[in-house]
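The values are calculated or read from the model by the stated rules, or taken from the named source; none is laboratory data. Note that the structure is a prediction, hence the values are computed from the model and not measured. A quick note on method: Cβ atoms are made from the backbone with ideal geometry, for glycine too, and the neighbour counts reach across all protein chains shown.
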Amino acid sequence: MRDVQIVPWNQEEVMVISADNSGGIGQKEEDQVSVPYDIVSYFSFRVAVMECLAAGGIPFSVILQNFCGNDAWIPLVTGIHKGVQELGLDGELGITGSTESNFSFCQSAVGLTILGKRKADFKETSIVNGRIAVIGSPLVGGEVMLQEDKVVPLSLFSHFAKEVKCRLQPVGSKGILYELGQLKGKLFQEEEVTCSVDLLKSSGPATCFIVEYEKEMESEIKRLAGGYFHEVLVSLR
């Protein structure tokens, strides 16, 4: 199950809509995590665009909802542009949105929506003799900045989505075990799944993702992922 909405558009294409939001993260005095606003929007963009790409969508528009004040708008847009550049989509992704300027808030809040499109006859990759891995590590809050070397690059996820025969599932706040269930369409118990990273921990702004691939693709998957690769073993009881 993908965390997106699919909307009929025309006879040839459908619209893929994905979204993310964050609260209490930014540069206000009462924020729980203090980071610049370009970092806030970059990671929010990451989450939404990864969901869009995983569902086969080609993003074409970003809608930003800013509750951090007028001064935050330019840094927020700057963070989005960073993500757009990593995807090689300069000039192909429009950015619009709105700022709440009538009222101020004690904490920062941002909402972000991605509009994408895909072919109406799109079919997800079928995996017969599948293996599973986590690429990246689950991180949340201040860990995202302190352990940046463990955050899977957006460009790597994009390469998997566009060039590799596989199925992808970004991991967010509900953790790897939950997202594995979403990918496979069943509920897994913790004792059924083994991995070197925490299966239950929040992955915050999609700092890792799950990939399912054919057995013969394993060497190529490991080569591409490098040190971000973590094997997942599933033993159904």
Residue that is farthest from S41 (Cα to Cα) [pool: residues in segment 92-118 that are at pLDDT 95 or above and charged (D, E, K, R)] | R118
Lone unmet requirement of (1) more than 17 Å from the chain's Cα centre (by Cα); (2) on the phi > 0 side of the Ramachandran plot for G141 | (1)
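Could you list all residues from segment 51-83 that are touching a Gly at 6+ places or on another chain (Cβ under 9 Å), in a helix (DSSP H, G or I) and hydrophobic (A, V, I, L, M, F, W, C)? Give the steps one after another, and end with the answer.
Initial filter on segment 51-83 (touching a Gly at 6+ places or on another chain (Cβ under 9 Å)): 51-53, 55-68, 72-73, 76-77.
Among the residues that remain, those that are also in a helix (DSSP H, G or I) are: 51-53, 72-73, 76-77.
C52, L53, A72, W73, L76, V77 - these are the residues of segment 51-83 that are touching a Gly at 6+ places or on another chain (Cβ under 9 Å), in a helix (DSSP H, G or I) and hydrophobic (A, V, I, L, M, F, W, C).
Looking at segment 122-237, what helices (runs of 4 or more DSSP H) fall wholly within it and have at least 3 residues that are under 26 Å from A19 (Cβ atoms)?
Details: elements: 143-146, 154-163, 175-184, 218-225.
Those helices (runs of 4 or more DSSP H) span 143-146, 154-163, 175-184.
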Every listed condition ((1) in contact (Cβ under 8 Å) with a residue 60 or more places away in the chain; (2) surrounded by fewer than 16 Cβ atoms within 10 Å (Cβ to Cβ)) holds for A206 save (2)
Taking segment 89-137 as the region of interest, how many residues are of a type in the set (G, A, S), under 19 Å from G56 (Cα atoms) and within 17 Å of the chain's Cα centre (by Cα)?
-> 1
How many residues, within segment 143-187, are under 12 Å from G204 (Cβ atoms), loosely packed, with under 14 Cβ neighbours inside 10 Å and touching a residue at least 40 places away in the same chain (Cβ under 8 Å)?
-> 0
